[in-house]
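So the structure is just underneath, and the comments pick up after that.
Read-outs throughout are calculated quantities, based only on the coordinates presented, and are distinct from any laboratory measurement. Computed from a predicted structure; not experimentally measured. Virtual Cβ from ideal backbone geometry, glycine too; neighbours counted across all protein chains shown.
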Amino acid sequence: MFTQPQTSLWGQIDHCEVLCPGVFLVSTPSHGGIMVAKGIEEVLSPAARRCGQRKGGFLCFEEDTAEAVVLRELLDKRLWDIPDRIKDKPAFEESINNTLREYHPEYWRSRMRGRENVPPAKDAAKTAPVHENR
């Protein structure tokens, strides 16, 4: 499948969590972020990919602001669920959205334009892909 990264834009990786196949949440002694493996990055919209930086075979999104782009995309595509360790899931999701509005407004506008053509939630649920909780 996908090999976990050993090093990142931010240095040697201390901890690596798989968010979904090929998407890794990494931390280093000083920083971290999300690294998306080559071959799976196409799951991200073109607007999302523009927010990342390349490092080896990965597209990297730093933890302060850019990782919110990947989290939003994974949530929208139902490839990742907010983990149970996050007690206030609506507040966490709103925090993601606020970060995007402030630091990645071009991405946010692109996302919102794309959502204008999404069917209502009840219809979308009928066609949503089946996935397991992560």
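A few comments on the model shown:
- Residues that are part of a helix (DSSP H, G or I), surrounded by 14 or more Cβ atoms within 10 Å (Cβ to Cβ) and free of Cβ contacts under 8 Å to residues at least 40 places away in the same chain within the stretch 73-91 comprise 73, 75, 76, listed in sequence order.
- Taken over the stretch 55-91, the residue count meeting the criterion of being within 24 Å of residue 28 (Cβ to Cβ) and under 12 Å from the mean Cα position of the chain (by Cα) is 17.
- Candidate set from the stretch 31-72 (those that are within 14 Å of residue 19 (Cβ to Cβ) and among the acidic types (Asp, Glu)); member that is surrounded by the fewest Cβ atoms within 10 Å (Cβ to Cβ): 63
- Of everything in the stretch 92-107 that is surrounded by fewer than 18 Cβ atoms within 10 Å (Cβ to Cβ) and among the polar types (S, T, N, Q), the residue that is nearest to residue 29 (Cα to Cα) is 95.
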